[in-house]
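Structure, as structure tokens:
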Amino acid sequence: MRIEIRGISVDKAVRILRRKLDNDNRKVRLQELEYYEKPTAKRKKRKAAAVKRQEKLTREHTKFLVRKKTRNL
């Protein structure tokens, strides 16, 4: 990864580099490689995240339905 710093400050170049690294998901990959995680633990974590996402969607949907019902009355 390369960043041209001609004409810009070093602080701005560092911010650009950090943003590029975050967008490239290298930080996440390094955290994954930091220690070994058993496959069952990975599955468990993914399942918990999916349940959390689904609960959030359901909660938002019910809020919308409640607002819709009160408007019609």
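The residue among Thr62, Pro39, Ala50 whose Cα reaches farthest toward the positive pole of the charge dipole of the chain, with charges on the beta-carbon of Lys, Arg, Asp and Glu, is Thr62. Looking at the chain, which GluC sites (Glu not before Pro) are DSSP coil and have at most 13 other C-beta atoms within 10 Å of their C-beta? Passing both the DSSP loop test and the Cβ count: Glu4, Glu37. Excluding ligands, DNA and RNA, the accessible surface per residue across the chain is 105 Å² with a 1.4 Å probe. For the chain, hydrophobic long helices are taken as DSSP H runs at least 30 Å long by C-alpha position along their axis with mean Kyte-Doolittle hydropathy of 0.5 or more; none is present. For Arg46 and Arg15, what does the FRET efficiency come to when R0 = 25 Å and r is the distance between their Cβ atoms, rounded to the nearest 0.05? The formula returns an efficiency of 0.20 here.
Determine the share of the stretch 1-61's accessible area contributed by carbon and sulfur atoms, expressed in whole percent, with a 1.4 angstrom probe. Carbon-and-sulfur percentage of accessible area, whole number: 53.
The values are calculated or read from the model by the stated rules, or taken from the named source; none is laboratory data. Please read all numbers here as calculations on a predicted model, not as lab measurements. In this analysis, Cβ positions are derived from the backbone assuming ideal geometry, glycine residues included, and neighbour counts consider all displayed protein chains. Note: areas computed on protein heavy atoms with side chains; ligands, DNA, RNA excluded. Shrake-Rupley method; radii C 1.70, N 1.55, O 1.52, S 1.80 Å.
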